[in-house]
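The structure appears below as structure tokens.
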Amino acid sequence: MNTYNPAYALLLFFAISLLGYLLFRPQKGWFWVIKNNLKSNEKIVIEDILKQLYHTENSGKEINVNSLTRALKFNDRIIVEVIGKMTNNELVQFDGDVLKLTNSGRDYALRIVRVHRLWEKYLAEKTGYDKMDWHEMAETKEHELSYEETNLLATQLGNPKYDPHGDPIPTTLGEIADVKGEFLSALAVNSVGKIVHIEDEPDVIYKQILAENIHIGSQIRVVKNNKQRVVFYAEGEEFKLAPIVAANITVRILEKDEIIEENRVRLSSLKEGEVAHILGISKESRGESRRRLLDLGFVKGTKISIDLKSPMRNPIAYLVKGTSIALRKDQASKILIKKD
Amino acid sequence: MNNNSIKSIIDLSSDLRWKIGDDFYDGLAEGIYADASKIASRSVSTENQNKRFGIDSKIDKIVTSKTWGFPIMFLILGVILWLTIIGANYPSAMLSQLLLDTIHPFLKGLATSISMPWWLDGFLIDGVYLAAAWVIAVMLPPMAIFFPLFTLLEDFGYLPRVAFNLDYLFKKSGAHGKQALTMSMGFGCNAAGVVATRIIDSPRERLIAIITNNFSLCNGRWPTQILIATIFIGAVVPSSFSGLASLSAVIGIAVLGLFFMFFTSWALSKTVLKGEVSTFNLELPPYRPPRFWKTIYTSLIDRTMIVLWRAILFAAPAGAVIWLISNIYIGNESIASWTINSLDSFGFLLGLNGIILLAYIVAIPANEIVIPTILMLTVLTNGIVGGQGAGVMFELDSANAMGDILRAGGWTLLTAINLMLFSLLHNPCSTTIYTIYKETKSVKWTTVASILPVIMGFVITFLVAQVWRLF
């Protein structure tokens, strides 16, 4: 106790806190980095290479060893070494300096893609993880689930066809539904379509799309498209995106008979005194939240109006079937109505 | 049917399912719900179609209005807390007169007259009986006032409006508006607050409410806060302001508790709890006249008595332990003074002392007996005249006399402030811990709920002590 000095005690405390922070902070903490490095064995490298090749070939591009090492986070030496092994096992082959998947390599890649997308679907439906976290978590999980576990998961989820971003999930046999559509940035003015896919990479752009509150499955109409801005209407709201952001959204052009009347708006736009009928719940409302809304009577054809606004104007209580039910703004934006 | 045709049927079905598209399931589910609600609306008729447009709607407009919503809320909560704290003083004094000053000496006399051995007498009467009696005297009156009042409001239908008004604030910290209610309930008793989280039907928000309920100062801790604030905080300002100063100190601690509640809720929802399923909905039921007597009866039986009974069950053994550690000697020292000595340097780092830490360990079962235990241990280890004997908890009638004992035990203003902080930020009492386990059925979350606040308490008191000593 003789050496006690409050200043030293404080310094020691902050030093320990800092160390703890550096070790255990989410993702970049040294502890996690070391743990991940220990885990990143050959299997993960092989699977990541296969996946990278699959995605490049799917988008109609070609890739060589150089661009591959740039795209992946692993040590270059390890990647070259692993590619050598993969050529021996006939997972990949060289066509000149272009690297290509063999048939068995493609099958393997599809299995990984299947796990990844199924896991994202699982996270969306059965857990409360934020959209931003899904991709990263699926990136780890795709190397861990076995063939049997994957099939069990698929059965539990009701053999879904698409993941929450709208990407098709390959079946066990490797069949894969194709997403027909064009990038939002390439659409002509006045074309009407339905958002079928929202790309979750890179993070920066995905964050912007989420912040705009754009929902998959909603019908859109482009009103302006130039080099600076893509402007479109969806669910009664106007959205303005930079073309680079719009390029990450895929839209399927709708046929004449598929187009639904345009006075389909979000419940969040309902004003006090107005009466409306519910048209449905957006695809963005998933899992437990969606079921709860249906349980409470937010179903097609129900009459709805505003009962009360809270002092902060969020949540708002809606009158549904004679009961007053409060919903938060983000929930209300996922319920579609038609004003009377 | 032969295998071939079975296979072809399965192939056909999986082919069809593939073609049918992804929207099919959602559409089917929605269709079923829509049909069900159509059938229901055809066959169910309600008499009172426009009940939302009468007096209900007028009340709602006022209690959720921008101007009046918050003032009405704070007024009601303030009145209830005031009624509880002030109103409980009288029956508490009577109960403690009866149980501690009359029955306790009577039992001691009885024990002497039948020449019971001193250790059995001490163990049973000074230990077990005294702790149980103390808990009853301190805990019963406030709970018997607080819970019925709270239940009346609940029955009337006002509480969901509070959740509605406050949801925006709670949403910011990742919690549910109804947590406002469970927190208020926690001001009465944390165990009851934890049980009350059943009204939150979203798993993540419910866990948050359970884990952070301890940041509501409960009935067992209000008296400690008030007493210490009166003795030490009130003494540093001119006597005409001492009442105001100590009152503000206590309110300050309670508000600090709210701050920690919001902060911890936010931190939990962003880290360990982010994977739990989260939904939101809040029904605003119509108002109805409270069923007065039924409410009084059920709140007394369901909440007060159950909590009290559990508290006694836990407090009685604690009394026994307190008596035992002060009366069992290892070598020349009692277990108590031995533990106090070994905890002293850690206590000093936190701006507390070994006695306080030991009191908080043995008083895990019931926060009510912290102050009596501290007084007893202070007298015992410092050889001050005035106690009741080893292992016999006591309190004095005058706050000044208690202050004298504590100051003689080496207490300063820093000790007092840190005790108030530590009383806010320490592990929940064993009744609450047990209730958390019963509600969550999870050892993991029970551990988190128990350990997290005490770690925060250590950190905060440590920081306060170091900064205090620097200046």
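Brief remarks follow.
- Unmet requirement for B:I455, which otherwise passes all of (1) away from chain A (no Cβ under 14 Å); (2) open to solvent by 10 Å² or more (accessible area, probe 1.4 Å): (1)
- Residue under evaluation A:E175, criteria (1) under 21 Å from A:V115 (Cα atoms); (2) buried (at least 16 other Cβ atoms within 10 Å of the Cβ), criterion not met: (2)
- Of A:G322, A:G287, all but one fail to be touching a helix residue (DSSP H, G or I) at 6+ places or on another chain (Cβ under 6 Å) and at positive phi; the exception is A:G287.
- Unmet criterion (only one of (1) free of Cβ contacts under 8 Å to residues at least 12 places away in the same chain; (2) under 30 Å from A:L319 (Cβ atoms); (3) outside any helix (DSSP H, G or I)) for B:G275: (2)
- Unmet requirement for B:V79, which otherwise passes all of (1) open to solvent by 90 Å² or more (accessible area, probe 1.4 Å); (2) modelled with pLDDT of 90 or more: (1)
- Candidate set: segment A:304-340, residues that are of a type in the set (K, R) and within 10 Å of chain B (Cβ to nearest Cβ); chosen: the one farthest from B:S37 (Cα to Cα): A:R313
- Check on A:I63, of a type in the set (A, V, I, L, M, F, W, C) and surrounded by fewer than 16 Cβ atoms within 10 Å (Cβ to Cβ): no
- Helices (runs of 4 or more DSSP H) wholly inside segment A:12-89 containing at least 3 residues that are within 30 Å of B:F462 (Cα to Cα): A:30-39
- Filter result (assigned to a helix (DSSP H, G or I) and not aliphatic (A, V, I, L, M)) within segment B:351-374: B:G354, B:Y360, B:N367, B:E368, B:P372, B:T373
- Positions within segment A:179-220 being surrounded by fewer than 17 Cβ atoms within 10 Å (Cβ to Cβ), within 26 Å of A:E261 (Cβ to Cβ) and charged (D, E, K, R), in sequence order: A:K180, A:E182, A:E212
- Flag for B:K294 being in contact with a Phe, Trp or Tyr (Cβ under 7 Å, 6 or more places away or on another chain) and at pLDDT 85 or above: no
- Listed by first and then second residue, the pairs with beta-carbon distance under 7 Å, at least 6 apart or on different chains, first residue in segment A:80-91 and open to solvent by 20 Å² or more (accessible area, probe 1.4 Å), second in a helix (DSSP H, G or I) and among the aromatic types (F, W, Y), are A:L91/A:Y108.
- Inclusion of B:V128 among residues that are of a type in the set (A, V, I, L, M, F, W, C), open to solvent by less than 20 Å² (accessible area, probe 1.4 Å) and out of contact with any Lys or Arg (no Cβ under 9 Å at 6 or more places or on another chain) is not warranted.
- Close pairs from segment A:246-268: first touching a residue at least 60 places away in the same chain (Cβ under 8 Å), partner open to solvent by less than 30 Å² (accessible area, probe 1.4 Å) and among the charged types (D, E, K, R), Cβ under 8 Å, at least 6 apart: A:R264/A:E235; A:V265/A:E235; A:R266/A:E235
- Within segment A:162-244, strands (runs of 3 or more DSSP E) holding 1 or more residues that are touching a His at 6+ places or on another chain (Cβ under 8 Å): A:192-198, A:230-234
- Checked against (1) within 14 Å of chain A (Cβ to nearest Cβ); (2) modelled with pLDDT of 95 or more, B:W468 passes all but condition (2).
- Test: A:L270 is surrounded by 14 or more Cβ atoms within 10 Å (Cβ to Cβ) and either under 26 Å from A:E201 (Cα atoms) or away from every other protein chain (no Cβ under 14 Å) (or both): yes
- Some residue of segment A:78-91 being under 28 Å from A:L145 (Cβ atoms), of a type in the set (D, E) and modelled with pLDDT of 90 or more: no
- Single residue of A:K256, A:K161 found to be over 23 Å from A:E136 (Cβ atoms), buried (at least 17 other Cβ atoms within 10 Å of the Cβ), at pLDDT below 90 and not acidic (D, E): A:K161
- Looking across B:L350, B:L406, one residue alone is within 14 Å of chain A (Cβ to nearest Cβ) and either surrounded by 18 or more Cβ atoms within 10 Å (Cβ to Cβ) or more than 20 Å from the chain's Cα centre (by Cα) (or both). It is B:L350.
- Filter result for the condition that a residue is open to solvent by less than 20 Å² (accessible area, probe 1.4 Å) and either modelled with pLDDT of 90 or more or under 24 Å from B:M143 (Cβ atoms) (or both), over B:I211, B:I199: B:I211
- Only one entry in B:L308, B:L343, B:L282, B:L256 is open to solvent by less than 30 Å² (accessible area, probe 1.4 Å) and modelled with pLDDT of 90 or more, namely B:L282.
- Selection within segment A:127-155 - out of contact with any helix residue (DSSP H, G or I) (no Cβ under 7 Å at 6 or more places or on another chain) and among the basic types (K, R): none
- Just one of the listed residues (A:I278, A:I249) is at pLDDT 90 or above, more than 10 Å from every other protein chain (Cβ to nearest Cβ) and open to solvent by less than 30 Å² (accessible area, probe 1.4 Å), and it is A:I249.
- Hits in segment B:145-172 - residues which are more than 14 Å from chain A (Cβ to nearest Cβ) and either among the polar types (S, T, N, Q) or more than 21 Å from B:P290 (Cα to Cα) (or both): B:T151
- Residue tally, condition more than 14 Å from B:R206 (Cα to Cα) and under 24 Å from the mean Cα position of the chain (by Cα), over segment B:273-297: 3
- Selection status of B:N400, open to solvent by 30 Å² or more (accessible area, probe 1.4 Å), on the phi < 0 side of the Ramachandran plot and not in a loop (DSSP other than H, G, I, E, B): yes
- Among strands (runs of 3 or more DSSP E) entirely within segment A:263-340, having at least 2 residues that are within 27 Å of B:L169 (Cβ to Cβ) and over 30 Å from the mean Cα position of the chain (by Cα) singles out A:303-309, A:316-320, A:323-327.
- Taking segment A:92-121 as the range and being in a strand (DSSP E or B), in contact with a Lys or Arg (Cβ under 8 Å, 6 or more places away or on another chain) and open to solvent by less than 70 Å² (accessible area, probe 1.4 Å) as the test, only A:V92 passes.
- Only a single criterion out of (1) in a loop (DSSP other than H, G, I, E, B); (2) within 14 Å of chain B (Cβ to nearest Cβ); (3) in contact with a Phe, Trp or Tyr (Cβ under 8 Å, 6 or more places away or on another chain); (4) of a type outside the set (D, E, K, R) is not satisfied by A:M137, namely (1).
The values are calculated or read from the model by the stated rules, or taken from the named source; none is laboratory data. In this text, all values refer to a predicted model and were calculated from it rather than measured experimentally. Cβ atoms come from the backbone with ideal geometry, glycine included; neighbour counts cover every protein chain shown. Side chains are part of the model used for accessible areas, which takes the heavy atoms of the whole protein and leaves out ligands, DNA and RNA. Shrake-Rupley method; radii C 1.70, N 1.55, O 1.52, S 1.80 Å.
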